[in-house]
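Asks: Below is a structure I'd like to ask you about.
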Amino acid sequence: TMRIALALLLLAATLPVRAQTTGSAEAARSKVSMCIGCHGIPLYKTVYPEVYSVPMIAGQSPEYIVKALQAYRGGERSHPSMRGIARGLTDQDMADVAAYYGAAKGAK
């Protein structure tokens, strides 16, 4: 009926919308310098806050990279360096970095 349709329309209008941001590997070229220092070194281990093997992200799924960065920014993931970096990234920055590393050759 008309009431149900109106109620569904109002409900849909109140739901959060998550826009899918399209990333640009080209735009990321000026943004990945903060990543290369750790993620660009094969078998690199960082010692802050403890010994931690740094994963290679080249060739990783862009969707996974975005979700991981969002989790660092939101505090669901706890590595201090990554949290600090992710807090400084916009959603577009994350999508661009993910597109860059997703298109790169590397370990999956």
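Bear in mind that the values in this text are calculations on the coordinates, not laboratory data. Being a predicted model, the structure only gives us computed values, none of them experimental. Virtual Cβ from ideal backbone geometry, glycine too; neighbours counted across all protein chains shown.
Asks: Describe numerically, in nm with one decimal, the distance between label points set 7 Å from Cα along Cα→Cβ at Thr46 and at Arg87.
Replies: According to this spin-label approximation, the distance is 1.4 nm.
Asks: What are the ³J(HN,Hα) values, in whole Hz, obtained from phi via the Karplus relation 6.51 cos²θ - 1.76 cosθ + 1.60 with θ = phi - 60°, for each residue of the stretch 23-28 in sequence order, with x given for Gly and Pro?
Replies: x, 10, 4, 5, 5, 6
Asks: Based on the inverse mean of 1/r over its pairs of different Cα atoms, what is the Kirkwood hydrodynamic radius of the stretch 51-108, in Å?
Replies: 11.5
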